[in-house]
Amino acid sequence: MLSYTFDESLIDIQKIENHNDVSFQIVVKSEEMRKRLKQVRTFFEENKDYTDALFYSHEDGTYEVIVRKNVVDLFLIHAFRCQCLKSLQWE
């Protein structure tokens with residue numbers, strides 16, 4: 001299992017585990033972070049599995065990302081690569 005940290009002045013992430021997937025409620029606090037999150041979204045939209053991570057934008061500017069449990073690590077690793085996360089650590 002991966003644990004992560006993020007810069008609370010740039011982004012807020014809440015993780016909600018469900019039966020078959022994990023939901024991430026994301027509040028982006030800067031335009032630079034919005035661009036980084038879009039890079040993560042593009043990565044998952046361009047792969048061949050369209051249901052591994054579903055991105056939803058809400059009217060209030062928040063995002064919801066629903067990720068299948070078997071690709072949560074890939075999602076977190078790619079979010080780290082795009083500098084949405086400050087650190088990743090195996091537990």
Check every one of the strands (runs of 3 or more DSSP E) wholly within the range 1-55 and list those with 2 or more residues that are hydroxyl-bearing (Ser, Thr, Tyr) and under 13 Å from the mean Cα position of the chain (by Cα).
2-5
Among the residues in the range 72-89, are any open to solvent by 30 Å² or more (accessible area, probe 1.4 Å), within 17 Å of Leu10 (Cβ to Cβ) and part of a loop (DSSP other than H, G, I, E, B)?
yes
Return the pair list, or none, for Cβ contacts closer than 8 Å from residues in the range 46-74 that are aliphatic (A, V, I, L, M) to residues that are assigned to a strand (DSSP E or B) and modelled with pLDDT under 95, at least 6 apart or on different chains.
Val72/Leu2
Which count do you get for residues in the range 27-42 that are open to solvent by 70 Å² or more (accessible area, probe 1.4 Å) and in contact with a helix residue (DSSP H, G or I) (Cβ under 9 Å, 6 or more places away or on another chain)?
1
Does Gln39 fit the bill of being at pLDDT 95 or above and under 17 Å from Lys69 (Cα atoms)?
no
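The values are calculated or read from the model by the stated rules, or taken from the named source; none is laboratory data. Predicted, not measured: the structure shown is a model, and the values here were computed from it. All Cβ positions, glycine included, derive from the backbone under ideal geometry; neighbour counts span all protein chains shown. The protein model used for the area step is the full one, side chains on, heavy atoms only, and it has no ligands, DNA or RNA in it. Shrake-Rupley method; radii C 1.70, N 1.55, O 1.52, S 1.80 Å.
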